[in-house]
Each structure stands twice: as structure tokens, then as C-alpha cells.
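Colleague: Sharing a structure, written as C-alpha cells. Questions coming.
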Amino acid sequence: MSDPTAASTAVDSAGAYVTAAEHAEPTTGKSRSLWSDAWRNLRKRPTFIISMVIITFMIILAVFPSMFTSADPTHQDLQRQMLKPSADAWFGYDFQGRDIMAGVAHGAKWSLLVGFFASLLTVLIGGTVGVIGGYAGGWLDGILSRIGDVFFGLPFVLGAIVILSAFRAAGLKSAFGLVIVVVLVISALTWPVAMRIMRSAAISAKQQDYVKAARALGANSFRIITKHMLPNCMAPVMVYATILFGATIGVEATLSFLGIGLRAPAISWGVMIAESRDYVQHAPHLLLFPAGFLVLTVLAFVMLGDAVRDALDPKLR
Amino acid sequence: MSTVDYSNGDHSNSELLLEVDDLWLEFRTSDGVAKVLNGVSYNVHAGETLAVLGESGSGKSVTAQAIMGIVDMPPGVITGGEIRYHGEDLLKLSDTRRREIRAEGISIIFQDALSSLNPVYTVGFQIGEQLRLRRGMSRKEAQKRAIELLDMVKIPNAKGRVKQYPHEFSGGMRQRAMIAMSLALDPEVLIADEPTTALDVTVQAQIMDLLKEIQVERQMGLILITHDLGVVAEVADKIAVMYAGRIVERAAATELYRMPGHPYTLALMDSMPRLDQRGQTLNTIKGLPPSLLNIPPGCPFAPRCPRAQDICTVELPESKDLGLGRTSACHFAEELVNRV
Amino acid sequence: MSEAIQSDATPGGGESIIEVRDLVKHFPVQVGILFKRTVGHVKAVDGVSFDLKRGETLGVVGESGCGKSTLAQVLMRLVPQTSGSATFEGRDIFKMRGSELRKLRRSIQIVLQDPYTSLNPRMTVGDIVGEPFEIHPEVAPKASRRQKVQDLLDVVGLNPEHINRYPHQFSGGQRQRIGIARALALRPQVIICDEPVSALDVSIQAQVMNLLGDLQDEFGLSYMFIAHDLGVVRHLSDRVAVMYLGKVVEIGTETEIYEHPTHPYTQALLSAVPVPDPSLRGQRQVIRLEGDVPSPVDPPSGCRFRTRCWKAQDLCAEEQPELISRLGGHDSACHFAEERQVVP
């Protein structure tokens, strides 16, 4: 009857063209899934490759800072205060005579840790709560949304100051402990945004007929959420997560600047940017290098997010 | 069966209002060039109803959008042809003049009345907008005229309704309000793009009655774009059947239904489930319409046509004049029309 | 003109596979966000009774808002009923739990209207058609599933090699075939078709309708076929139920409904369908209803159709007409039921 090999072209009422791709690839191979298809597709995307190169470099920098510099990032020498970049110190020295390159290398760890875990945790909490609220609806959704509203209503800086000061009073000393607290504070105060994004995506996905069809087949809630809703709700949250990654590194800098975030012995790009503020006019390299690394990292994650989102959407392949 | 009834069909002696002449249009997309219109010609006279019949992707709506100048460009590009209104080619006019003609002379109503109305303004305000803009009416005068227009499209309690918002109207009422709005500047040509597709059948009947009544009263030219063979049969004077961006057949309504002159029209009629017939198997048209990115050589319908011969896949059939205002773009048109 | 082919597939007293009695579904209309207050009810389905016989196609027609789609969803247990009962092979559908409910899912399946939203855009066709087997692993061992999926694609007229494609690579008609293949996977006895061809072009619509007809013969399916297109319904149905504002107003065989309708609404509905024959223009007596369908939140008293009915009397406002056998031996819910031929 119909000729299934012919892909069709349909014109919608606006006159835009929706053209089905005609795939000539062999179709007798084994079954494929969304994720394996996405991976095959990702490997071919230049944005994915570039972003992965940058991210890999940053991770190596974070894990093995001594591969890139032998200087001690905490060693102060007022003799070389704010010296310009030179062959000795490629990135120059800061206002206390510390080697900026060493700072950038050693700071990568803390910045990436904070950025990665804070955005991961935010998306996990917000995404889970959002998808549950959106799927369940009714009173459960009402309660979860109101809880989110309460957190959303807290002024960020004030909330952070209160919580972090409390921990400070409790006498938290280790750098790692500080990172955990900062991550927790950032996630606790930003998850409602991720929740709202996920919830609205989930509500619209839930009303789609394919969810109805799955329920008619007898699929349980777990299957509907994981197989049908999550893959269709991830895209906006993923984009938010990549933006959030950059933002949290900035937030960490803000908190450090206010004296309640990371502090020595921990060095982070945020701390370095915050410290450079007063000297930008005389010695722009104080800002340039840590900020440049920050921008590059954030850019890489945004590119990665875009590539992953497109790869997960079969329509865009 | 043999007498040809032109009682309400022939308007070729009244004034020629709008003429689309050999219009070519393509969409240049990243996937390639989609040849959307490939030499479309039709015209409409005062008091005449032209039905443009076709399935999705046939180009019937794009032609209307080209007339109204609302095709997105890019990706759309008009590569040839003319659109003449009272003999003047709209495509060659200055922007201002063209906008003026399109606002005053030709209006369009769409399938989806809800999204065609702005939800944040009252219906009366939206109907009156053109009047204030083009006729320099005051807010009060425009409101008064809006009430008259709503009355004319038979919306009960027009005085109260004029102050309501689109969401307070039912589907049928919204389409009536759209018609009222399109009539505000007394157009000579009204294009109705699937005006009843989104409506229920009893409401559809009301709206079609209304459109027909207004048309006869104002002697407007009506271009009715639809896929519904039933609606066409009830109101059209003449019909243009479109397939893959071409007009494959043109005929007076009665003639077309009596004896389709193109295999596509014939197949379309056979595949329509009818109210007065029950059967186990419908005749279908095998396959799908061709991709406009890659229209096959020869007749675009040939791959689906039960009558296709060798010539059909090689040579594109020209539109042949079969007399009585009929044309058909089929190599075997005469055989089809003259069969018993 | 009206030489309808008489081929009622079902003999008069076929065995009922689904029996629906006084089915009611009211959706509460709520205001407020956390503390919701119910201000009324949308009476989507309001006391509907009918039987679906084994092997037959019961057409359900009506305009938007008449409750036909809600009826389908309640029977599929996608939304809970408000009251009333429905049995499948004698067992109460609404009382089923656990494994019994899972078994019901294998027996009754649904095909949905919109071929664009009814398939998950992020799953391959193989995953979509194979999902029933994942949910009901006992139906087919894992090793045989792929073959089964390809067989299903073949049955509905798709190329089995396209198993790894995504829905957007198919046309509307082909997508609807995928939806049908998914519904067929568990070898159901009943398929509820909720406007399966409404979104398709005429030429494609005919292909899908023929497919549904062929599958019925091949697998002995019973269909509940919901549509607003009266031509489509007549073409496929053995019996037809006409709904208006949550109630069945007339039910009978396809011939009884189309050629001898007795309810004014059925007559008006049939009369409003345009006839594809210009030579009949102006010669046909048409019934035009005034106004729109009233809100299902606050339907008219007595007969719900009385506000638009040209025959309405005082009685119609006072007393709700029962759906009982009236003229011509079929059920009609009108106090003043009389036959009127409206289809040419």
C-alpha cells in the first residue's frame, strides 16, 4: 500500500518546511537506543570535540596543577608585587607577589569542584522534585511547589551569609569542608529554578499522547518518568545547568569576596578575581588570567550543553 | 445527469478582480530548495467563489499567503509570475501601495481563529483597529461599526459581546468575529484559508452559510482554500485542484464532480468516505505526495497514478484546455473526460 | 445514489464483549492553588450505557465536548470513573487491580488521534512498537521481540527495516500505522480508536481506514471507533451511537442511524455534512442548528438538546427523555422521535 521508503515533506500552515531526513544508512544492524544514537552523533560534532578538549585540559589542570607550574601559589614576596608577565612567571605576579599562574593552576580544582558539584546538585534536587511534582500533580505538586517558593523567596546573598556564618561559627576549617558547605548553600538556594524549569517541561510532557499510550499499555510511573518524560524534559534543564555552572563559579567568587566563601588555604579563580578588583587599572593581568580561564571553562560547558541537547533530539540530527 | 448547470456558476462576465498568473515560489532551506509553487495560475471575478482544493503540502495555502504578502522571505523566494489585482501587478508595486491594496482590497481569514485574535484586546477593539488606522475613525465610531459588523455576522447580543475578550467566545463565534474583522474595510476579495476545518460540523455549516450569504450580498470574490470535497461541492462556482505546487485541474464545480478530468481528482473523490455509502474497502491513492525538495521528473502524480504510462514519468504534462473553462494537466485528460 | 452496500458483519444477537452501564464521569472545576475549592463539575460523560459486541465496530459520533474521548479514556482506565460500571467479558473493569488489570491492558488497547504527539519523539520505532513487550515481558521472550516488532511493522504496511528510525522521519499516515502496530502488539481483543484518521489527509485517511478494516478481519478485533466525521464512521461501523453533551441520544445499526434517524440531533448532524455533489445544491432540505453547544458544566434541564431543537416543547424541559426503543425498533432519546430522511 504505502511506500514507506519515501520520506515526506509537509508544509505547515505558516509555510515553514518540515523535511524528514532520508536516511540511507544500513538498517539491519542491532537495535539502537536514544543514548547510543546520541553518542554516535556527538562524536561527529565539532563543538563537542572542542568543548571536550577544553574541559579535559581544565580537569588535568585541576588534578595535576604541578604539571604546569612548580611555583607555590601561596608563597608571598612583596618584592615582585604586581610584576607583569615575563619568562619567569608567564602570568606575572599579584598584589601580594604570588605567582598568578600557580594560582590559576591550583585554583582550577576548587573552582571546578564548586561549579560542577553545585550545578549537579542543583539540577539533581530541582530536577527530581520538579519531575515528581509535574508528574504527580495535585496536592503533592502543590506542597513541593510551595516549598520551592519558600527557598526561592530567600534573598540569595542574605541566605548565604546566614548559613555560612553559622558554619563559620561552628568552626569549619578544612578547605574541602568549606567547598562542601559552599556547594550545599548554593544548591539549597538555587534548586527552585531548576525545579520550575523541570516541572513545566514535565507538565507539558505528561499531557502528550505518548504518555497516555504508555499508560494504556500498563506502564508504571517509574517507566513513564524515566522512559518517556525525562528524555523529553532534559533539554531545558541541561541548558540551565551549563549556564549555572558558570554562574556558580561567579557566586563562589562573590561569597569569597564577602569573606564567607572559600579562603586560604583554598585558592579559587573566584577568590583571585575578587582580589584583583582594586588593581584592575594598574595591573589588568591580575584579572585577565583567572577571568580568562573562567570564561573559557564556562564557554566549554555551554558548548557541551548545546551539543548534548541537540544530540538528544532526533529531530535535529 | 447530462445537463450542465451554470445557474449559480458562471461569473466570467463580471469584473475580474484578482489574478494569479504563473506564480513560482520556492523555499531555500538548509535541506535544499523546496519548489513549493510551480507555475500556479487562477483568477476570481466579482461575486464568484473559487475553491482551491488540495492536501497538505500542495501549495494551496502558500499561494494565498503570497497574495497577501505574508510568506516568510527568506526562506521564501518568488522566482516568477504575477499577482494582478485589477490588472496591477502587486509584486511590482511599492511597499506602501501594496500594503494599502492588501489592507483595503483583499482580506484573509485563517483556520485557527483563536490564535489569529490577540488575547489581550477586546474583540471590538480588534475589529475596530483597521477602521481607526485606515479610515481615521474615532474610538467611539470604530466601536459602533464593530457592533454593526458583529451583528452582520449574526453574533447575538453584539453590543455586549463587543467588549468581551476572545477567550470568552466559542470556536464558532471566534470565526464569526474573524469574518467581521476581515470585512471591516469592505474588501473586494476575501480569502478563506480552511475557515471551518477546526470547527464542528453543525457550526461549519453555519459559517459556510454565512460566508456564502455575505459574498452574494456584497458581490465579493471568494477564494476558499480547503481539503474538504464536501464543502467545496456546496459553495464553489469553480474549482482549482492543486498537487505538488501545480494546478492539475481547473473546472466549473458541477463539471468537476460530474466527470473529474485528472486522475488525482478522480482518486481523491474515490478515497473519500461518503455519508451515503457504506463499503468495506475505499479506493486509496497509494504512496505519498512527492517531497518538494525532489520532485520527480515528468508528472508529479505519476508514481501514484493508476493510469500512468511511460510518457508520464518522462514528460511533464502541460495544462490542456478542454473547453468550457476546463483545463487538466494530464497526458490522458481527453480520455478521462470523454469516458462514459 | 443511495445504494448502500449492506454487509452488517454482526448478526443481531452477537455476544457482548464490553458492557457499559450508566457510566458517569464528572471533572471537578476547581479554583485556588493549594486549597482547592470545587465550584462545579464538567459533566463530560453523564449516564452512558451501551454494549460492544464481539467482532463488531461500534462507531461513536458527536461534536467536540460531547464526551466521546472522555468515554474512551474512562474505559481505558486512564481517568477514574465517577460512577457506573463497565465490564469486559463479564468482569468489572473498574474493580480490577494488579495482575487482573495488567491482563485487561493486554485485551483492550487504544489508538490515539494525533500521529504527531502519540509517539515519543525520542524513541525509535522499534522501541515504540516493542514497548508493550517490555511492559508485559511474559508475552514474548526477549530474543524474539525484535522479530515480533518487525512482523508487526509488516502487518501494518511499514517497511520492517525501518525499525531504527525515529517518528519524525515518517509521514502522518505512517505514524498512525506505527501507533496501530503498538496497539496490536499484545494481540488485544478490543481496540478503542479515538479519532484515528481525523488528522490525516483524505487520500492517506482512506489507506488507514482500509488497514483498520483488514486488521479487524485478520485478528477478529472489536472496535470502538470514535470520530466526528460521519462519513468515516459510516464507512467502518456496524452500529453507531450518537452522543450529545455527555449522553447517547441515539444508537442503532449503521442503516438505522444514517437512513432512518429519529432523533433531531442526529438528523441535524447528518444534514450539516456537506454532500460532495454540486448538482444537489439548493435541492436538499437542510437543517441548520442555531448557536453553539451549551456548557457541559451546566447542561440544560430535561432534554439536553432542547435549547437548539426546533421541536422542543415544555415537556422537553421538564422530563429527560429515556434512551429507549422508539420508532423503527432502535433506541432514541427524544420525546417526539420521528423518522426523517436527511442523507440523499
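The values are calculated or read from the model by the stated rules, or taken from the named source; none is laboratory data. Note that the structure is predicted; figures quoted are calculated from it, not measured. In this analysis, Cβ positions are derived from the backbone assuming ideal geometry, glycine residues included, and neighbour counts consider all displayed protein chains.
Colleague: For C:A183, indicate whether it is more than 7 Å from chain A (Cβ to nearest Cβ), among the small types (G, A, S) and under 23 Å from the mean Cα position of the chain (by Cα). Even if it seems obvious, please write down each step before you answer.
Modeller: Working: more than 7 Å from chain A (Cβ to nearest Cβ): yes; among the small types (G, A, S): yes; under 23 Å from the mean Cα position of the chain (by Cα): yes.
The answer is yes for C:A183.
Colleague: Does C:S144 fit the bill of being out of contact with any strand residue (DSSP E or B) (no Cβ under 6 Å at 6 or more places or on another chain), in contact (Cβ under 8 Å) with a residue 12 or more places away in the chain and either not aromatic (F, W, Y) or not in a helix (DSSP H, G or I) (or both)?
Modeller: Judged against the criteria, C:S144 is not a match.
Colleague: I would also like to ask the following. Looking at the range C:155-175, which of the residues that are under 16 Å from C:Q216 (Cα atoms) and more than 9 Å from chain A (Cβ to nearest Cβ) is farthest from the chain's Cα centre (by Cα)? Lay out the reasoning, then the answer.
Modeller: As a first pass, look at the range C:155-175 and keep what is under 16 Å from C:Q216 (Cα atoms): C:155-157.
This time we only want the ones that are more than 9 Å from chain A (Cβ to nearest Cβ), so: C:155-156.
Details: C:V155: 23, C:V156: 21 Å.
Filtering first and then ranking leaves C:V155.
Colleague: For B:V203, all conditions in the list (1) within 14 Å of chain C (Cβ to nearest Cβ); (2) under 19 Å from the mean Cα position of the chain (by Cα); (3) more than 18 Å from B:Y121 (Cβ to Cβ) hold save one; what is the number of the exception?
Modeller: Here B:V203 clears every test but (2).
Colleague: Would you confirm whether or not the range A:82-103 contains a residue that is within 14 Å of chain C (Cβ to nearest Cβ) and modelled with pLDDT under 85?
Modeller: Checked the range A:82-103: no residue is within 14 Å of chain C (Cβ to nearest Cβ) and modelled with pLDDT under 85.
Colleague: Please pick out the residue among A:I60, A:I55 that is at pLDDT 75 or above, surrounded by 14 or more Cβ atoms within 10 Å (Cβ to Cβ), closer than 28 Å to A:F245 by Cβ and hydrophobic (A, V, I, L, M, F, W, C).
Modeller: Unique residue meeting the criteria: A:I55.
Colleague: Got a number for residues in the range B:67-95 being of a type outside the set (S, T, Y) and either part of a loop (DSSP other than H, G, I, E, B) or at the interface with another protein chain (Cβ under 9 Å from one of its Cβ atoms) (or both)?
Modeller: Of the residues in that region, 11 qualify.
Colleague: Of the numbered conditions (1) over 21 Å from C:Q189 (Cα atoms); (2) modelled with pLDDT of 85 or more, C:V31 fails exactly one; give the number of that condition.
Modeller: Status for C:V31: all satisfied but (2).
Colleague: While we're looking at this one, here's another question. If I filter the range A:296-317 down to residues being of a type in the set (D, E, K, R) and more than 17 Å from the chain's Cα centre (by Cα), which single residue comes out as modelled with the lowest pLDDT?
Modeller: So the residue we want is A:R317.
To keep it simple, each residue is scored yes or no on (1) at pLDDT 90 or above; (2) assigned to a helix (DSSP H, G or I).
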position	(1), (2)
C:T262	yes, no
C:Y265	yes, yes
C:V293	no, no
C:D298	no, no
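Colleague: Does the range C:59-106 hold any residues that are part of a loop (DSSP other than H, G, I, E, B), closer than 30 Å to B:G172 by Cα and of a type in the set (S, T, N, Q), and which are they?
Modeller: C:S64, the sole residue that qualifies.
Colleague: Could you check C:Q283 against (1) more than 10 Å from chain B (Cβ to nearest Cβ); (2) within 27 Å of C:L23 (Cβ to Cβ); (3) surrounded by fewer than 24 Cβ atoms within 10 Å (Cβ to Cβ); (4) not hydroxyl-bearing (S, T, Y) and say which number it fails?
Modeller: (2)
Colleague: Of all the residues that make up the range C:74-116, how many are within 11 Å of another protein chain (Cβ to nearest Cβ), free of Cβ contacts under 8 Å to residues at least 40 places away in the same chain and either under 18 Å from C:S16 (Cα atoms) or buried (at least 19 other Cβ atoms within 10 Å of the Cβ) (or both)?
Modeller: Qualifying residue count, the range C:74-116: 2.
Colleague: In addition: Looking at the range A:275-303 only, could you name the residues that are more than 20 Å from A:S256 (Cα to Cα) and among the hydrophobic types (A, V, I, L, M, F, W, C)?
Modeller: A:A283, A:L296, A:L299, A:A300, A:F301, A:V302, A:M303
Colleague: Grab the helices (runs of 4 or more DSSP H) fully contained in the range A:92-179, keeping just those with 2 or more residues being touching an Asp or Glu at 6+ places or on another chain (Cβ under 9 Å).
Modeller: A:100-136
Colleague: Can you tell me which of (1) over 26 Å from C:S203 (Cα atoms); (2) of a type in the set (S, T, Y); (3) crowded, with 23+ Cβ neighbours inside 10 Å is the one C:S144 doesn't meet?
Modeller: (3)
Colleague: If you take the residues in the range B:219-237 that are within 13 Å of chain C (Cβ to nearest Cβ) and in contact with a Gly (Cβ under 7 Å, 6 or more places away or on another chain), which one is surrounded by the fewest Cβ atoms within 10 Å (Cβ to Cβ)?
Modeller: It comes out as B:H227.
Colleague: Can you pull out every residue in the range C:131-154 that is more than 20 Å from A:I224 (Cβ to Cβ) and at the interface with chain A (Cβ under 7 Å from one of its Cβ atoms)?
Modeller: Within the range C:131-154, just C:R146 meets the criteria.
Colleague: Check off (1) assigned to a loop (DSSP other than H, G, I, E, B); (2) under 21 Å from B:P156 (Cβ atoms) for C:R340 and give me the number that stays unchecked.
Modeller: Going through the list (1) assigned to a loop (DSSP other than H, G, I, E, B); (2) under 21 Å from B:P156 (Cβ atoms), C:R340 breaks only (2).
Colleague: Please go through the range B:256-288 and pick out each residue that is at the interface with chain C (Cβ under 9 Å from one of its Cβ atoms), farther than 20 Å from C:I204 by Cα and either surrounded by 24 or more Cβ atoms within 10 Å (Cβ to Cβ) or of a type in the set (G, A, S) (or both).
Modeller: Listed by number, the list holds a single entry, B:L256.
Colleague: Sticking with this structure for a sec: Would you mind stating whether C:R284 is touching a Ser or Thr at 6+ places or on another chain (Cβ under 9 Å), part of a loop (DSSP other than H, G, I, E, B) and free of Cβ contacts under 8 Å to residues at least 60 places away in the same chain?
Modeller: When the stated conditions are applied, C:R284 does not pass them.
Colleague: Exactly one of (1) touching a helix residue (DSSP H, G or I) at 6+ places or on another chain (Cβ under 7 Å); (2) part of a strand (DSSP E or B); (3) surrounded by fewer than 22 Cβ atoms within 10 Å (Cβ to Cβ); (4) touching a residue at least 60 places away in the same chain (Cβ under 8 Å) is unmet by B:L37. Its number?
Modeller: Of the numbered conditions (1) touching a helix residue (DSSP H, G or I) at 6+ places or on another chain (Cβ under 7 Å); (2) part of a strand (DSSP E or B); (3) surrounded by fewer than 22 Cβ atoms within 10 Å (Cβ to Cβ); (4) touching a residue at least 60 places away in the same chain (Cβ under 8 Å), the odd one out for B:L37 is (3).
Colleague: Still on this model: If you scan the range C:210-230, which residues turn out to be assigned to a helix (DSSP H, G or I) and either more than 8 Å from chain B (Cβ to nearest Cβ) or surrounded by fewer than 24 Cβ atoms within 10 Å (Cβ to Cβ) (or both)?
Modeller: C:N210, C:L211, C:L212, C:G213, C:D214, C:L215, C:Q216, C:D217, C:E218, C:F219, listed by residue number.
Colleague: What is the number of the single condition among (1) assigned to a strand (DSSP E or B); (2) under 23 Å from B:S291 (Cα atoms) that B:L50 does not meet?
Modeller: For B:L50, the failing item is (2).
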